[in-house]
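The values are calculated or read from the model by the stated rules, or taken from the named source; none is laboratory data. The structure displayed is predicted, hence computed values, not measured ones. Quick reminder, even Gly has a Cβ in these numbers, built from the backbone with ideal geometry, and neighbours come from all protein chains shown.
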Protein chains: 4
Amino acid sequence: MKTTVKVAVVGASGYSGEELVRLLLHHPHADLTAVTSRQYAGQTLTQIFPKFAHHPTAKTLCFSDPNAGLLARQAEIVFLALPHGVAAEYTAPLLQLGRQVIDLSADFRLKSEAVYKEFYSRDHPAPDLLIKSVYGLPEINRSQILNASLVASPGCYPTSILLPTIPLLRDGLVKPSGIIANSLSGVSGSGRKVEPDYLFVECNESVRPYGIPKHRHLSEIEQELSLAAGVKVTIQFTPHLIPMNRGVLTTIYLAPEKHFTTPDQADALEEKIADCYRSAYCNEPFVRLLDGQALPDTKNVVGTNVIEIAWRLDPRTGRLLVMSALDNLVKGASGQAVQSFNIICGFPETAGLV
Amino acid sequence: MKTTVKVAVVGASGYSGEELVRLLLHHPHADLTAVTSRQYAGQTLTQIFPKFAHHPTAKTLCFSDPNAGLLARQAEIVFLALPHGVAAEYTAPLLQLGRQVIDLSADFRLKSEAVYKEFYSRDHPAPDLLIKSVYGLPEINRSQILNASLVASPGCYPTSILLPTIPLLRDGLVKPSGIIANSLSGVSGSGRKVEPDYLFVECNESVRPYGIPKHRHLSEIEQELSLAAGVKVTIQFTPHLIPMNRGVLTTIYLAPEKHFTTPDQADALEEKIADCYRSAYCNEPFVRLLDGQALPDTKNVVGTNVIEIAWRLDPRTGRLLVMSALDNLVKGASGQAVQSFNIICGFPETAGLV
Amino acid sequence: MKTTVKVAVVGASGYSGEELVRLLLHHPHADLTAVTSRQYAGQTLTQIFPKFAHHPTAKTLCFSDPNAGLLARQAEIVFLALPHGVAAEYTAPLLQLGRQVIDLSADFRLKSEAVYKEFYSRDHPAPDLLIKSVYGLPEINRSQILNASLVASPGCYPTSILLPTIPLLRDGLVKPSGIIANSLSGVSGSGRKVEPDYLFVECNESVRPYGIPKHRHLSEIEQELSLAAGVKVTIQFTPHLIPMNRGVLTTIYLAPEKHFTTPDQADALEEKIADCYRSAYCNEPFVRLLDGQALPDTKNVVGTNVIEIAWRLDPRTGRLLVMSALDNLVKGASGQAVQSFNIICGFPETAGLV
Amino acid sequence: MKTTVKVAVVGASGYSGEELVRLLLHHPHADLTAVTSRQYAGQTLTQIFPKFAHHPTAKTLCFSDPNAGLLARQAEIVFLALPHGVAAEYTAPLLQLGRQVIDLSADFRLKSEAVYKEFYSRDHPAPDLLIKSVYGLPEINRSQILNASLVASPGCYPTSILLPTIPLLRDGLVKPSGIIANSLSGVSGSGRKVEPDYLFVECNESVRPYGIPKHRHLSEIEQELSLAAGVKVTIQFTPHLIPMNRGVLTTIYLAPEKHFTTPDQADALEEKIADCYRSAYCNEPFVRLLDGQALPDTKNVVGTNVIEIAWRLDPRTGRLLVMSALDNLVKGASGQAVQSFNIICGFPETAGLV
């Protein structure tokens, strides 16, 4: 195991890229050797992000234009924090030059070209890489990430839905049909888009659904849920934009496989669900299973790589409610990518994340 | 028809009471003759609420201790904006003295003593009045409100769920089972409670579910939905607190009675739903049916008595999604109460509300 | 006096324009006959601003391209809510066609071409009109507004500084030198600018000074203060952007002409200041002089045309502190313009504003 | 030098206490052995602050009732994060038992009993300790902190005013008279007070001055400025509450000793000021002197121990404006206390703070 690995961040000027830079600057085993941004090329990290100014690297490291050949010389592992559709063009050359890639975009998250085309309305630019990529959800795919050359690191909505739902589907505790995920996101989840919809006055004192009924991220969520369930899963997913900077809260409505009409049945089911989550996550450093009366709250996870999960059986409706909270820029983006980086490099999985 | 009606507000110091005072001060046919508040007795409206200071009445009208006999002498119609459980003690004496009461609390919204006890964990203090009261949702119960002596004016969550759902149930377009309502509320929805949970720092940059799975307002929501459907309806209701002052956004998940597998079936169903809403609400001044790509946004209704409604069929899941937005203190409280007041008095229903 | 006056709003798509439309739609004596916006030409008010949808005019009135000749046929009085520098091109033709213009931009607020050039770095496009225009601060220039054909209606910062300071200067109670005004503004004060600085994530949980030390609005503030003082006044003005939608709070530091070393001197000075404000504003419907312990708070004025003013003598420093709060889109823009409209037309000054 | 020092936090349930716990849990050389809170005694850190749940210590460390004898056995250095007036009762016994105390309250910041009584309206409870205590502003008093047994660690407003002003006064560049500091604070600056003024709805969309003209913290600010100037300094200080969780922004108005009428004079003065700040702070890890067009913004310092400082000469008024931004809970409270802890223990001053 190396002590330090040279890393680069391509597309370091967005919110995820900025958070990734923050995490890597403070990572005990990462040496940030390159950051790219067409817009800011030639300027130092400090000039663009004054909040990094106390870090020695940030004072001298300049943004450069992204160039695969150069990046391959500068870094052993390259993080791509680019808009969807752009990451693909850097991935193939970097892989050919023997570099490992951790991609934060959605470009390599799907296994099926056809599904990609259905949801993204274009042909996939590098379909042969889809089979090589590993869906970078460490708590679920740790062993595959370990040997991946290309990690497709999932975003905030998928993470907030998959981690609470996969164990229940795997253990056959809930029906794979009829699942509803209702998600609430802070505005940084939309990226640093300079559009009227994301102006302060348009978001503050406002809440609105968007992207319904067929949000793009449904494709990867359903792909991973189907893998867990062993059957094709189709879900309902409704994202909403709420007036805060960071955080995603998701409420998931599930139907238990077994009815629980009597209190005894309810008790038995509760025990099974608790066991299911405990066996899935009790040793996971970044999954916090809430007990007692506690319910998830984004303010308890913002700034950390933790996802909070709580659940309730509702005897009146026969449903199971599962709620999760995470920081969309950390566990829902850059923290999760660093977690995969730690796995690949053999570092402690929590390195640079606590 | 009288030109002006003398009105009183009991419990005028909470957020709903304050909004009610604001509306009544500017109402062309209301003469605000009394406002009560134990806490502020002896002080003028202006002293407690500087923002009313430009209104001549506010400069001289003093808060008084609430007293049913005195109120009956001062006002023809009395609004009660009291905490749940307190309103009942003023209602009976006021009715006996021949006054009409518009109650903003939940005390008289249920028809069944047993359901009241189940959800409020106490015996109802005036069960004989439950039968006299009218559930004050003007768009649904206008003709009953017209002759009511006691109007139980509904709150924000019920209004945001009932108005979008009742027409569909009445027309048999959706199944009465399996309904889910996911609601998001600004902090004023919790009233002016001086508790740690409602401090700025605890609410800002935070979102959290609460009161699940059996929130008290489920009782009245299910009562009214059951009336519309003609069968007993049990729903799932999940409220969340989000960092804004005002506004409720509700997303409702429904199962259409008819499957719509083919595009033709979908088109036919879309037409039926559109017809259903049009025939229910096209002449309603306070219901805004969104068309085209528009989706509800609380910032478009805050400060008004309007509820926005939009809906989408999802061919992937076979579900109907309905979304609504309203101002919890206006259409979800005080504006709705004033709407009932206008109906009772024979004033234009929009008087004082536009 | 006419009952109704036909009005047009040129540039109705910005925040001030939108607020002006809201006020004029509900104004008892205004008939809104035209709204212009290049961007939205051909669309109805309702399509762009759903929140006006309940108003009959908004459903049918379409945005048009601005055209002075057409506007002159449609309206008797034309409001210009355009960016600085653009208003001038509509003003001259409208005046020539005999229309009255109420301009919300800074184009006609200065009397001196030279000062305009100093602060706006360009020649004034219609210098002959500078002499015709009246600075539209109703509480100060009411009689001039009455006969004005061109009202230059002041914005939020000048209003928040001038109304509290002018009476003190006029009465010689404070020194005209050394004045400092420290202002805090909600984000709508910057207009609907689609720029990175005004994105939600960049403004929320952030506060920052800007435009120092020589903000453009200094020019008109100093012009009006000089008029009041009878000598040339130069002030310090520091605006800050704070995370809220609406509201301006200004804290002004002044030096009393007379020292107040003893308690008797302080009492005497306090009485004089109180008298000065009372005689200036006690009959003004939109100026609220706070007494007792009360201090201005933007939440008490938002949505109204009111400016709150409070003051304190500080015996430790010998200074007088004056604080004001107003809604930047109402008293600081559109409400003030409507106030001038009421004066010009002979309507009650509060018409459409309470 | 020890590798690890045992520390305790008394009053760990407030916002400063919570932040202090966060910093100490992650400090490489601190071993948090005790946290006290009357309210939460018997509960673990994790139960009260779920966000610490990933830290092993937080799972087992229970809040206890504060007891000086016990604390002295548990810890070598004790942090007091108690309300003003309460800290004194723990300080004397802890010092007698040979422990070092870092007090975050205002109890030991003043040197004069008389000034304490003037500003706090009570006799000081332990006046003999006033002389022993060191005002814990590391950038100013580093050498005294090194050997202090009692550090009175300053709060957010004093820090935001003192660090930008002291070097200028020391070097005689600005006049000690006529100083004005206008400060804006996020709501956590008021502590976790469960009072109506700090409810979300009362703070959101609101800005207001408070505590004027004689805020308690004036006493320590003037004490420290007087020390720097060599003469008694009296300043004007106006705090305002703005709607954000964290952050203080202060704008300071100063009069340069020398006039700068000509451009050459201005250039010369600018150079002197730049030199003054550079020589004071260029090696300080937590002071960020902004250059170019940059102005302080709280979002660039929140979560860090950094204070940002920028300044501008205004040739129109002859004044010097200095602006600073810091996180009220870090550099303005707990981070600064940890900085003193590092100095006392001989650890790198940045340990646990970057």
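For (1) free of Cβ contacts under 8 Å to residues at least 24 places away in the same chain; (2) of a type outside the set (D, E, K, R); (3) within 14 Å of chain C (Cβ to nearest Cβ); (4) more than 27 Å from A:PRO56 (Cβ to Cβ), each residue gets a yes or a no:
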| site | (1), (2), (3), (4) |
| --- | --- |
| D:GLN265 | yes, yes, no, yes |
| D:ALA268 | yes, yes, no, yes |
| D:ASP275 | yes, no, no, no |
| D:ALA280 | no, yes, no, no |
| D:VAL287 | no, yes, no, no |
| D:VAL301 | no, yes, yes, no |
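Filtered by the rule that a residue be outside any strand (DSSP E or B), at the interface with another protein chain (Cβ under 10 Å from one of its Cβ atoms) and of a type in the set (S, T, N, Q), the stretch A:226-254 gives A:THR234, A:ASN245. Evaluation of A:PHE108 against the conditions (1) at pLDDT below 95; (2) within 15 Å of the chain's Cα centre (by Cα) shows that the sole unmet condition is (1).
Here C:THR261 passes the criteria (1) away from chain D (no Cβ under 13 Å); (2) modelled with pLDDT of 95 or more except the one numbered (2).
Only one of the listed residues (A:ALA126, A:ALA81) is more than 20 Å from A:LYS331 (Cα to Cα) and aliphatic (A, V, I, L, M). That residue is A:ALA126. Considering only residues in the stretch B:303-312 that are of a type outside the set (Asp, Glu) and more than 8 Å from chain A (Cβ to nearest Cβ), the one that is farthest from the chain's Cα centre (by Cα) turns out to be B:TRP311. Annotation note: of A:LYS6, A:LYS2, the sole residue that is within 14 Å of A:ILE77 (Cα to Cα) and either part of a loop (DSSP other than H, G, I, E, B) or within 14 Å of another protein chain (Cβ to nearest Cβ) (or both) is A:LYS2.
Against the definition (basic (Lys, Arg) and either buried (at least 23 other Cβ atoms within 10 Å of the Cβ) or at positive phi (or both)), how does B:ARG109 come out, yes or no? Criteria met by B:ARG109. Within the stretch D:313-324, the residues that satisfy the criterion of being within 8 Å of chain C (Cβ to nearest Cβ) and either buried (at least 24 other Cβ atoms within 10 Å of the Cβ) or among the basic types (Lys, Arg) (or both) are D:ARG316, D:ARG319, D:MET323.
Test A:PRO50 against the criterion of being more than 20 Å from A:HIS84 (Cα to Cα), within 11 Å of chain D (Cβ to nearest Cβ) and surrounded by fewer than 19 Cβ atoms within 10 Å (Cβ to Cβ), and give yes or no. In short, no. Would you check which residues across the stretch A:308-327 are touching a Ser or Thr at 6+ places or on another chain (Cβ under 6 Å) and under 25 Å from A:SER13 (Cα atoms) and list them? If the condition is that a residue be touching a Ser or Thr at 6+ places or on another chain (Cβ under 6 Å) and under 25 Å from A:SER13 (Cα atoms), then A:LEU326 is the only one that fits. Checking each residue of the stretch C:306-323 against the condition of being modelled with pLDDT under 95 and of a type in the set (Ser, Thr, Tyr) gives no match. Only residues that are facing another protein chain (nearest Cβ under 7 Å) and within 22 Å of C:CYS203 (Cβ to Cβ) were counted across the stretch D:199-218, and they come to 9.
Scanning the stretch C:163-179 for residues that are touching a strand residue (DSSP E or B) at 6+ places or on another chain (Cβ under 9 Å) and surrounded by fewer than 23 Cβ atoms within 10 Å (Cβ to Cβ) returns C:LEU173, C:LYS175, C:GLY178. May I ask you to verify whether A:LEU20 is farther than 22 Å from A:GLY332 by Cβ and assigned by TED's automatic domain parsing to the domain that holds A:ALA87? Answer is no for this residue. The condition (being within 17 Å of D:LEU184 (Cα to Cα) and more than 12 Å from chain C (Cβ to nearest Cβ)) is satisfied by just one residue among D:GLY332, D:GLY292, D:GLY346: D:GLY332.
Check the stretch C:162-174 and report whether any residue there is within 24 Å of C:ILE273 (Cα to Cα), within 14 Å of chain D (Cβ to nearest Cβ) and either polar (S, T, N, Q) or touching a residue at least 24 places away in the same chain (Cβ under 8 Å) (or both). The answer is yes; a qualifying residue exists. For B:GLY335, indicate whether it is on the phi > 0 side of the Ramachandran plot and of a type outside the set (Asp, Glu). Considered against the rule, which asks whether it is on the phi > 0 side of the Ramachandran plot and of a type outside the set (Asp, Glu), B:GLY335 comes out as no. Listed by position, the strands (runs of 3 or more DSSP E) enclosed by the stretch A:263-354 that each have at least 1 residues that are of a type in the set (S, T, N, Q) are A:319-326. If I ask for residues that are within 18 Å of B:LEU353 (Cα to Cα), in contact (Cβ under 8 Å) with a residue 40 or more places away in the chain and either hydrophobic (A, V, I, L, M, F, W, C) or crowded, with 22+ Cβ neighbours inside 10 Å (or both), which ones from the stretch B:23-41 would you list? Residues satisfying the conditions are B:LEU23, B:LEU24, B:ALA30. Inspect all residues belonging to the stretch A:122-135 and state whether any of them is over 30 Å from A:GLU284 (Cα atoms), of a type in the set (Phe, Trp, Tyr) and in contact (Cβ under 8 Å) with a residue 12 or more places away in the chain. Within the stretch A:122-135, not a single residue is over 30 Å from A:GLU284 (Cα atoms), of a type in the set (Phe, Trp, Tyr) and in contact (Cβ under 8 Å) with a residue 12 or more places away in the chain.
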